[in-house]
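Here the structure is laid out as structure tokens; the discussion comes afterwards.
The values are calculated or read from the model by the stated rules, or taken from the named source; none is laboratory data. Since the structure is predicted, the reported quantities are computational estimates derived from the model, not experimental observations. Please note: Cβ atoms are built from the backbone with ideal geometry, for glycine as well, and neighbour counts cover all protein chains shown.
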Amino acid sequence: VPDAVVVGAGQAGYQTAASLRSQGFSGGVVLIGDEPGTPYQRPPLSKTYLAAGDEDPEFRSAAYYAKNDITLINQRVVGIDREARAVRLADGESVAYGHLVLATGSRTRSLPVPGADLRGITTLRTRADADALRAGLAAAERVVVVGAGFIGFEIAAAASKFGHRVTVVEATDRAMARVVSARTAERFTAFQRENGNEVLFGSGVRAFHGTGGHVSAVELTDGTELPADLVVLGVGITPNTELAEEAGLEVADGVVVGDDLLTSDPDISAIGDCAAFPHARLGRRVRLESVQNATDHARCVADRLTGAPRPYRAVPWFWTEQFDARLQIAGVSDGHDTEVLLGDGESAFSVLLFRDRRLVGVESVNRPGDHMAARKLLAADSALEPAEAERPGFVLKDYVR
Ligand code: FAD
């Protein structure tokens, strides 16, 4: 069996190596990543690990890789030679592959405004970023978070544990706009405000100002200047597709793959944050940024490489934790026309999202039972209709057969 080589040792890369071994793959498994140390999980970096830093986010200790004959190489891959079927490392060495898996993830975006390179303006993607940010939060006096997405709101929640009253500025008119309903977004904005943070909508950043090379204020598009000695940008990510592009693979906001997760080269797969794959229910290509997506993609590729190919059809799900609220989302909504609320709408509730009377997504706040039921209903393409869900006493999990 030819060797499987995985580029990128994040969530998707780690899971590919682990699944190949747990499913009895008999060839060599080489996992190449450009970060130091062993692969680790990112979700705690903006939650518990940022606030306390006491739990190691690594998936497995170094002993696991040795015991399972997974070769972990801490280096950057700088090129793919498709003819020779080999990747080139930064130190000039080459590693040959039978099958190559691109799991290069994504990187944080910056803001193209004056002053963006001042010290004290940071982003959060890696463990090193989280360690630096934790130290920054302990020392800072005025913290501004740019972007009211998941990451921005999670960082603002963690920062309040350091005693900060954070100002979150958001260019659009609502929080988490890409991924949650207006109702859920409003509730999470209220959680920020109830906990002492300020959230300003319609507030783009025009410039950063500094003294002595360090940020001192954020200037908003309306001219307001917010004093700040620590600014965290949560303004989205860019998929790492350069390697694929330089190798001549098709790229369109992500490395383009089919429902088998193969690129335009049958010897190369692409998975996780960097992959644009066809979504069966939406009927178009999507790129998702979640642990579920990275993990299920990895398992699908491992199944193929161990002789059990199947089309990728997993139901997307996601979670975020902010203050005492745990939001779990099942499905991806491409827009919905009907909402049904279950629960109090305050601290424990679910919002069922329908389009053309078909269930497309469920957002659950502190209702994990609803979330698990929702994943099953979506996987089964449930016939649940809004009218049924609106009946008094309706319980989502009782509807799962
Ligand atoms: P990554 O985990 O980014 O791994 C890619 C790796 O490849 C990186 O280590 C990168 O350095 C490396 N790499 C890139 N190019 C090369 C190269 N040329 N050579 C070698 N190595 C390379 N998702 C959730 O579902 N729930 C959450 O609560 C949640 N919270 C998050 C909090 C934070 C702070 C962040 C940053 C992300 C969070 N996510 C969450 C998203 C989730 O972590 C990502 O979707 C997931 O990590 C994607 O996995 P991946 O393997 O595709 O990419």
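A few notes on this one:
- Selection status of residue 316, free of Cβ contacts under 8 Å to residues at least 60 places away in the same chain, closer than 25 Å to residue 175 by Cβ and out of contact with any strand residue (DSSP E or B) (no Cβ under 7 Å at 6 or more places or on another chain): yes
- Among the residues of the stretch 110-126, the ones that are more than 16 Å from the ligand (Cβ to nearest atom), touching a residue at least 40 places away in the same chain (Cβ under 8 Å) and under 19 Å from residue 169 (Cβ atoms) come to 8 in all.
- Extreme residue, nearest to the ligand (Cβ to nearest atom), among residues of the stretch 296-307 that are in contact (Cβ under 8 Å) with a residue 60 or more places away in the chain and more than 24 Å from the chain's Cα centre (by Cα): 305
- For the stretch 93-111, a tally of residues being loosely packed, with under 15 Cβ neighbours inside 10 Å and over 21 Å from residue 244 (Cβ atoms) returns 1.
- Qualifying residue in the stretch 144-161 (condition: outside the structural domain of residue 45 (by TED's automatic domain parsing), touching a Ser or Thr at 6+ places or on another chain (Cβ under 8 Å) and either without any contact (Cβ under 8 Å) to a residue 24 or more places away in the chain or over 22 Å from residue 42 (Cβ atoms) (or both)): yes
- The stretch 260-290, residues that are out of contact with any Cys (no Cβ under 9 Å at 6 or more places or on another chain), closer than 24 Å to residue 2 by Cα and of a type in the set (Asp, Glu): 265, 267
- Here residue 282 passes the criteria (1) within 23 Å of the chain's Cα centre (by Cα); (2) over 22 Å from residue 180 (Cβ atoms); (3) assigned by TED's automatic domain parsing to the domain that holds residue 247; (4) not basic (Lys, Arg) except the one numbered (2).
- Where strands (runs of 3 or more DSSP E) sit wholly within the stretch 210-266, none has at least 1 residues that are surrounded by 14 or more Cβ atoms within 10 Å (Cβ to Cβ), assigned by TED's automatic domain parsing to the domain that holds residue 151 and at positive phi.
- Exactly one residue among 129, 69, 91 is within 21 Å of residue 38 (Cα to Cα), assigned by TED's automatic domain parsing to the domain that holds residue 249, among the acidic types (Asp, Glu) and within 14 Å of the ligand (Cβ to nearest atom), and that residue is 91.
- Strands (runs of 3 or more DSSP E) (entirely within the stretch 322-401) containing at least 1 residues that are hydroxyl-bearing (Ser, Thr, Tyr): 338-343, 349-355, 358-365
- When we screen 315, 340 for residues that are among the β-branched types (Val, Ile, Thr), in contact with a helix residue (DSSP H, G or I) (Cβ under 8 Å, 6 or more places away or on another chain), within 27 Å of residue 193 (Cβ to Cβ) and not assigned by TED's automatic domain parsing to the domain that holds residue 45, the only hit is 340.
- Some residue of the stretch 129-137 being touching a residue at least 60 places away in the same chain (Cβ under 8 Å), surrounded by 20 or more Cβ atoms within 10 Å (Cβ to Cβ), in contact with a helix residue (DSSP H, G or I) (Cβ under 9 Å, 6 or more places away or on another chain) and among the small types (Gly, Ala, Ser): yes
- Evaluation of residue 29 against the conditions (1) touching a residue at least 40 places away in the same chain (Cβ under 8 Å); (2) within 9 Å of the ligand (Cβ to nearest atom) shows that the sole unmet condition is (2).
- Residue tally, condition over 21 Å from residue 15 (Cβ atoms) and of a type in the set (A, V, I, L, M), over the stretch 281-333: 3
- Qualifying residue in the stretch 327-334 (condition: surrounded by fewer than 16 Cβ atoms within 10 Å (Cβ to Cβ) and more than 24 Å from residue 284 (Cα to Cα)): no
- Selection within the stretch 1-26: residues that are more than 6 Å from the ligand (Cβ to nearest atom) and within 16 Å of residue 105 (Cα to Cα). The member of this set that is surrounded by the most Cβ atoms within 10 Å (Cβ to Cβ) is 16.
- Subset of the stretch 60-73 [under 17 Å from residue 16 (Cβ atoms) and either exposed (fewer than 15 other Cβ atoms within 10 Å of the Cβ) or modelled with pLDDT under 95 (or both)]: 68, 69
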